[in-house]
1. Pick out the one residue from 26, 56 that is at pLDDT 80 or above, touching a helix residue (DSSP H, G or I) at 6+ places or on another chain (Cβ under 9 Å) and assigned to a helix (DSSP H, G or I).
2. Checking residue 54 against (1) of a type in the set (Lys, Arg); (2) over 26 Å from residue 551 (Cα atoms); (3) out of contact with any Asp or Glu (no Cβ under 8 Å at 6 or more places or on another chain): exactly one of these is not met. Which one?
3. Being under 16 Å from residue 245 (Cα atoms), of a type in the set (A, V, I, L, M) and either in contact with a helix residue (DSSP H, G or I) (Cβ under 9 Å, 6 or more places away or on another chain) or in contact (Cβ under 8 Å) with a residue 40 or more places away in the chain (or both) narrows it down to one residue among 287, 277, 298, 304; which is it?
4. Being assigned to a helix (DSSP H, G or I) and crowded, with 19+ Cβ neighbours inside 10 Å is true for just one of 215, 273. Which residue is that?
5. Quick test of your reading of the structure: residue 574 fulfils all but one of (1) at pLDDT 90 or above; (2) among the polar types (S, T, N, Q); (3) closer than 15 Å to residue 644 by Cβ. Name the failing condition by number.
6. Give the residue, chosen from 300, 287, 237, 254, that is surrounded by fewer than 15 Cβ atoms within 10 Å (Cβ to Cβ) and aliphatic (A, V, I, L, M).
7. Could you tell me which numbered condition residue 256 fails, if it satisfies all but one of (1) more than 23 Å from residue 298 (Cα to Cα); (2) charged (D, E, K, R); (3) in contact (Cβ under 8 Å) with a residue 24 or more places away in the chain?
8. When you scan region 179-198, how many residues do you find that are buried (at least 17 other Cβ atoms within 10 Å of the Cβ) and closer than 23 Å to residue 235 by Cα?
Amino acid sequence: MASKYGYLLLILTFWYIVPVSHATEQDSLSTLYLQAKQEAELFVKSFGKNVTFKHQLDSLEAKVQSADGTRNGAYYIQFAKKYIKHTEVIDSILLMAEKHLRASNCQRGLGEALFYKGVRALDTQKVEEALGIFNEAAHIFKLANSPEGEVYCITRVANYHSKSRNYQLAEKYYKELLKRTEELGDVNLSEMAYLNVANFYNQQGKTDEAISYYSLLEKSLEKSNNKKRYKPLYNNLGVIYIYKKDWAKAKEYLHKSIAIKQEEGDSLGIFSSYQNLFRISVQTRQLDEATHYSSLMLDLAQKLNVPPNQMLAFNYNNTQYLILAGEPEKALNQFDEYVAVKDSINKAAFSDKLLQIEQGYEIEKRDQAIALLQQKDELQQEKLGNLKVVIAIVASFVIILLFNGFYMKRQWMKLNEADKRLKEKQQQILTINKRLESLNNSKDRILSVIGHDLRGPVGGLKELVELYMELPELEPQDITNLLNTARESSSSAYYLLENLLTWANSQRGEITYKPLLTPVLPVITKTIELLDQSINSKGIRFDINIESSLSLKIDINMFRTIIRNLVSNSIKHSPTNSLIEINTEVLKNGVQFSIIDQGHGMTASEVQQLFTKKEAYYISSDVSAKGTGLGLILCKEFVERHGGSIWVQSEEGIGTRVHFVIPAGQVTYNPKVSKEIYYSD
């Protein structure tokens, strides 16, 4: 009985210790990551404004040479965060960060890497990918016991659906956001959630719901005094109360917003708030206030580079103000300026408020005409009646001409654009047809050559099997010879098919270049061992002269394919008991690899044609050395993917030298030469 209780106690103890040890490990990794993150932030900030992006990138590469994956991931993330809007190299940097942090099992850092990958995906319009990444990041943050990271991911997804007007799905995520922040009890996260949810309802015109969440935010800010959230709170409440025509509250919140913007020196924000106060004073016919705000905004407009949509709104409001002030001539001039600014925007995105103004433009235009006539009657009385009518007619005619001209210009531009697109499509179709014709010809040629080359090895296997079936009582040595011949035939067919599959994937763009810093000698040695075992039936020796510590930043699969094809081609062309050399030489611009054989060689014209066409052809030194040429095509493509070059030197009766270079930026080595010689069995 005691032994049973002891066994149960052992199980419970193990069950308790394992999660605790895992949590302790994650806590330790998170601490290590946060320390590295602080170092990385200082490193990124250390670059001056005159330091080029390339120099910063080189400094980053030098900084992450250590074997500490967590530290490297932190540096990659902070660099990518600084240049999140930069070129596609940032995607590669974030991918490296993800790989390092997955390898080190640092969940906290991995969550941040995925978060910024999601931000990049949204910036490049990869919506489905971005949403998947944010969901995975939220899950990783949850495992890492980092609730703030999980909340930021949920907020990003909710805001995206809100901006896309997918309100039902957005509301689902916002409710989840409120639930998570309430569970956490974090004041800062709760305030962020209140602001985002209030903005969400404000965007839909649900002002009562928006005000309720803005009120929750305002109550929380009274305790936390988080000043950075006061500005959007007061500004948005002021705009909402304008829509509700509660002028007193609108003014109260707009003045509070202006006070904060003045402290921060946000001049454009002040101009925007004055715009709203100006609009209120015009709509409530408070002439003195309107005059005050018009003067302030004109003064700011001369000092600032005010966005076109803000100037358009100001010109519209100022037109109404001048009508209210009884200055019809200035009102007409201001209205002309409004039309001119509107034409110059050229499909700009207006704010929701300005869009509502434009939708009611026709009605307001009639109101303006009536108000203008009334002002003319009051100022000039009956003796100016005729002039008043003329002005109204001329103004209407000018407006009609402007709108008609604008409409005709737009139609003409659309027709030109459509004609341009049609011509581009026609040119694309011609280009595609030529490409398809070329691909079809290439397909026919390669199928013909492959059919010829496959018939030999497969036919040989068939004959060997039939011979064995007819003569089952062969001597062991004869059986061994048959198997060696079968192995050579099957290996030839296999390498031909592998080259064909690689070539096809290359044509479809499905081969991804993934460089890693890799020792070269083991890769070349293993590749030659496999070739020696499979297709070397001529007793050919291999002399490998490579520095044992030479390392290159290469795509291993591509590099292995280059070596395999070049060496197997040399085997095909080499006589029995000859020597194939594989050498390297460190140059100023990189490392040069050379594969040297003692075969029949080629003429100058044959060498010149080797890389001229991306299609199948024969390399015919003798009947047994025919090939499709795909191997050399793949070698050229893969060397160029590494930023290098490949060329051939050959002389009839002497042999062939194939050279290719990997650029210097990819190389690390210690000058210790290793020489290995392999002999065929």
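The values are calculated or read from the model by the stated rules, or taken from the named source; none is laboratory data. Values in this document were obtained by computation on a predicted structure and should not be read as measured data. Every residue, glycine as well, gets a Cβ built from its backbone with ideal geometry; the counts of neighbours run over all protein chains shown.
1. None of the others qualify; the one that does is 56.
2. Only one criterion is unmet by residue 54, namely (2).
3. It is 277.
4. None of the other options fit; the residue is 273.
5. Among (1) at pLDDT 90 or above; (2) among the polar types (S, T, N, Q); (3) closer than 15 Å to residue 644 by Cβ, residue 574 violates only (3).
6. Matching residue, one of 300, 287, 237, 254: 287.
7. Condition (1) is where residue 256 drops out.
8. Of the residues in that region, 10 qualify.
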